[in-house]
Structures are given as structure tokens and as C-alpha cells.
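A short write-up of the structure that comes next.
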Amino acid sequence: MKKSILVLTGSPRVGGNSDLLADAFKKGATEAGHEVIQCEVGKKNIMGCKACDTCYSKGKPCSFDDDFNSIAPLLEKTDMVVFVTPLYWFTFPAQLKAAIDKMYSFIIGGKKLKIKESMLLVCGEDEESVFDGIINTYKRMVCYQKWTDRGHLIVPGVLNKGDVLSTEYLVLAEKMGRNI
């Protein structure tokens, strides 16, 4: 069955390791016949949620104008969301975390998302145990949203731009995309 997949990338660094992982995942998912849209959240200007609870009251997801309002329609239409990100201080980078926090607007606005599945691809400099924070946060999100977790790929030991090219992780990311 063809799915609409939204890939949310978290890195502000153009062409970095997580961008390469996203490209590999997209290649596999597209080859499998899925519609894939990528949104480079790490390059967006998204403020943190102010908990004003006025979501959708002004005809847009967030009452404050920032780039989340352009991402929300993509979230509303997708069957699956895939987070592809570098690890920043044991969790999501601020821009991606701000977008995740603003998903609160769907709850306040009474908007039902079509999202049924999700996946996490994350890379970083340190050993695998350091990724526990982002994995636990992701698992809590999945549980709260009642999404089916289609897995996660942890890519340790990559710091410099392009380090992932000398690993097997791009092949694994492409395979994950192909096997949805």
C-alpha cells in the first residue's frame, strides 16, 4: 500500500550526516512506491510553544507567525512521519524540538492527524549509549500519539560532515525506507 511519508530533518548543516541519511531513506521509500516529502525543519525559524492555547483561533495552527504554520499542513496530510536528525545534547536539536512541541496545536485545535506510523534516524559523535535520551523521548511521543513505531536507526561515531559515507548506515537507512 502506497503511503504518504513526511521526513522531518533536524540539522541546520547543509549536506551533513543526517541529510545523507535522509536522502538514503527517501531513495529506498521512493523506490518502494511511497510518496516522500522532506521538510528541512533544522533550517526553519520556529519559536518555542508559548502555551497560550489559542491554536487555530486565528485561522492558522499557531497564533504566532513562524515557520511551523507552513509545516502543519504537511503533518495533517501524511500517513507516516520520519524524524532524521543529529543528536544535540542527548535529544532533538532546538528547531526540530520546537516543531514537535508545536504539534500541541493539533490537540488544542481539535485537529485529528492521519499519522499512524513513525520512525527515527539519528546520528552523532558519541557511542550508542549516549542516544538513550532521544530514543526515550521518541518512544514516549510514539506511545502518546498511538503511532506504530517502524523502528529507529542509531548512527554513532559520526561528527564531521560526510563521516557517515564510510559506514554501512546509509545502506541500512535506504533498506529501512524500502521495507516500509
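Every read-out reported here was derived from the displayed coordinates using simple, explicitly stated rules and does not represent laboratory data. No experiment lies behind these values; they were computed from the predicted model shown. Cβ placement follows ideal geometry from the backbone for every residue including glycine, while neighbour counts extend to all protein chains displayed.
Points worth noting:
- In order through region 154-160: 3J(HN,Hα) via Karplus (6.51 cos²θ - 1.76 cosθ + 1.60), integer Hz, x for Gly, Pro: 9, 10, x, x, 10, 10, 7
- Ordered by the count of other Cβ atoms within 10 Å of each Cβ, fewest first, K139, K27 give K139, K27.
- Sorted by Cβ density within 10 Å, fewest first, the residues L159, L96: L159, L96
- Cα-projected label distance for T54 with V130, points at 7 Å along beta-carbon direction, nm: 4.1
- Residues C49, C62, arranged from fewest to most other Cβ atoms within 10 angstrom of their Cβ, appear as C49, C62.
- Taking N as the residue count of the chain, its C-alpha radius of gyration divided by 2.2 N^0.38 Å amounts to 0.99.
- Taking a sphere under 14 Å around the Cβ of T148 and counting the other residues whose Cβ falls inside, with K and R at +1 and D and E at -1, yields a net charge of +3.
- Simple spin-label estimate for N179 and N45 gives 4.2 nm between the two label positions (7 Å along the Cα-to-Cβ direction from each Cα).
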